[in-house]
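Notes for the one structure printed next.
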Amino acid sequence: MEKIDFSTLTIRSAAEALRGGSYTSVSLVGALLEAVRQRNPALNAYLWIDEEDALAQAAAADAARAAGSNGALLGVPLAIKDNISVAGQPCGCASRILEGYRAPFDATVIGRLRAAGALFVGRTNMDEFAMGSTTENSAYGPTTFNPAKPGYVPGGSSGGSAAAVAGGVAVGALGTDTGGSIRQPAAYCGCVGLRPSYGRISRYGAVACASSLDQIGPLTHDVRDTALLLGIMAGADPRDVISQDQPVPDYVAACDGGIRGMRLGLPREYFSGDVHPEVAARVREYAGLCRGMGAEIVDVSLPHTQCAIATYYIIMTAEISANLARYDGIRYGRRGEGVTTTQDLYGKTRGQFLGREAKRRILMGTYFLSSGNYEAYYMRGLKARTLIRRDFDQVFETCDALLTPVAPRPAFPCGTAEDDPQAFYLDIFTVPAGLAGACAISVPAGATAEGQPIGLQVVAPAFAEERLLRIAAACEAAGRRTEGQS
Ligand code: GLN
């Protein structure tokens, strides 16, 4: 078998090769495990892999094929963020407090992918409980990956998944996105990452971070792979109350639709002085490419963008403080050492096994929710969220989708964010779509002069994923054409 390059192998071509008999799942997974052995020690993209189990899953897929099965993903290995449950595998959210915990059941998305034949080979690194933008908040060491610069952050919190895909140790991956955790690492690593609309994909079996914002989504080598995984995972699920019963169209077919006649907005607040000039220039260049493909480009305004970070960090920390209350040493994960009283049990367990950022946010959230502060912070946050949502509702009355940068600046060296909180809160352009419940995707859009990947964000109204993917696929194709020329 010729050597497989996992930094470019798409899910569709792997599935096709398996179907056509070019290789078996056992040989594909064997080659992947070899790549992981070589590259993961430097990347730290995977926190856990059970080689024997991965090969056993692959052998079962090969046997199923021989017996006539032909699922869309039969025999294709995927990498899963460490906060999405796969039965029998660790699900530790890169936190010491969940060390030793194994998921007793499959998340709904895992069940659906499994039914399509996918294999689950490993758990990817992340910021602890999905809090962060660099994957440095992992209790198990940072992931480092950047195609241009060694020692640079891959983004976060799904940095392990993005680095696994772009760094050549995964065919495709899942992440979660609360305020940008799929889109921003995809942008930093140079792959595609989708945050679906709130309610498009069931979160049952994903560990809750901030429940009014959390979504699961794919990170892949190209837009069509994302469309493929979305189509398999989307749809109603009675086990997630926010999941909606909306039709699931053929998302892969949607990628061929083109963008002729669409109106695409450039929100002026996303091109202000704080944005790195090369990032802004690239997004404008892609807007020009869209014009060349028959779309109309219009200037629009989302006036409450400036409130988005404050609003997000009030709501997200309030929700995380409630959601993380369950990690107290009684039911899940580890118990503190030297415990003698109930008070001790909570204090020592959480004191010893939660990381700094988790503690910081629990404190902030508890403060915002405490009586006396609730009205001043939490209620105001909810009101500001309504204003942000209305901005999007209004803008989508005049245009079909938005084109924006994913992050204001390209990736930076590991270890520098702690000293510069503004660099750390990199989510100014990704949190608003989440607060509004819209869908959004990050598509590679070239690189800086230094070779650092730049992400283009496309944002579309809730449940307009078909349109979102049409635009994303058109931008991807146009980008490849222009890069081919240069
Ligand atoms: N970077 C954001 C945060 O730290 C987003 C995290 C996420 O989407 N899970 O909260």
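The values are calculated or read from the model by the stated rules, or taken from the named source; none is laboratory data. Worth saying up front: this structure is predicted, and the values here are computed from it rather than measured. Here Cβ is always computed from backbone atoms with ideal geometry, including for glycine, and neighbour counts include all displayed protein chains.
Details
- Considering residues of the range 131-167 that are of a type in the set (S, T, N, Q) and more than 10 Å from the ligand (Cβ to nearest atom) only, the residue surrounded by the most Cβ atoms within 10 Å (Cβ to Cβ): Ser161
- Within the range 346-376, tally of residues that are of a type outside the set (S, T, N, Q) and buried (at least 20 other Cβ atoms within 10 Å of the Cβ): 7
- Filtered by the rule that a residue be away from the ligand (no atom under 12 Å from the Cβ) and within 8 Å of the chain's Cα centre (by Cα), the range 187-198 gives a lone residue, Leu194.
- Scan of the range 473-486 for residues that are in contact (Cβ under 8 Å) with a residue 40 or more places away in the chain and either of a type in the set (Asp, Glu) or touching a Ser or Thr at 6+ places or on another chain (Cβ under 8 Å) (or both), ordered by number: Glu476
- Filter result for Thr305 (closer than 30 Å to Ala417 by Cβ and surrounded by fewer than 21 Cβ atoms within 10 Å (Cβ to Cβ)): yes
- Hey, Ala166 at pLDDT 95 or above and over 22 Å from Val29 (Cα atoms) or not: no
- Scanning the range 168-181 for residues that are touching a Pro at 6+ places or on another chain (Cβ under 8 Å) and not in a strand (DSSP E or B), we see that the one that is nearest to the ligand (Cβ to nearest atom) is Ala170.
- Cβ pairs under 8 Å, 6+ apart, first in the range 155-168 and within 14 Å of Thr10 (Cα to Cα), second among the acidic types (Asp, Glu): Gly168/Asp5
- Residue list for the range 361-386, filter: of a type in the set (Ser, Thr, Tyr) and under 10 Å from Ile315 (Cβ atoms): Tyr377, Tyr378
- Counted residues, the range 199-209 - those being buried (at least 24 other Cβ atoms within 10 Å of the Cβ), within 15 Å of the ligand (Cβ to nearest atom) and part of a loop (DSSP other than H, G, I, E, B): 3
- Number of positions in the range 210-231 that are small (Gly, Ala, Ser) and either under 8 Å from the mean Cα position of the chain (by Cα) or within 16 Å of the ligand (Cβ to nearest atom) (or both): 4
For (1) of a type in the set (D, E, K, R); (2) in contact with a Pro (Cβ under 9 Å, 6 or more places away or on another chain), each residue gets a yes or a no:
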| site | (1), (2) |
| --- | --- |
| His276 | no, yes |
| Ala287 | no, no |
| Gly294 | no, no |
| Pro303 | no, no |
| Tyr313 | no, no |
| Ala318 | no, no |
| Tyr327 | no, no |
| Gly333 | no, no |
| Glu337 | yes, no |
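- Filtered residue count, the range 95-130, keeping only those that are among the aromatic types (Phe, Trp, Tyr) and either crowded, with 24+ Cβ neighbours inside 10 Å or within 18 Å of Ile201 (Cα to Cα) (or both): 2
- Applying the criterion of at least 2 residues that are within 14 Å of the ligand (Cβ to nearest atom), within 21 Å of Ala94 (Cβ to Cβ) and of a type in the set (D, E, K, R) to the helices (runs of 4 or more DSSP H) found wholly in the range 309-421 leaves 356-369.
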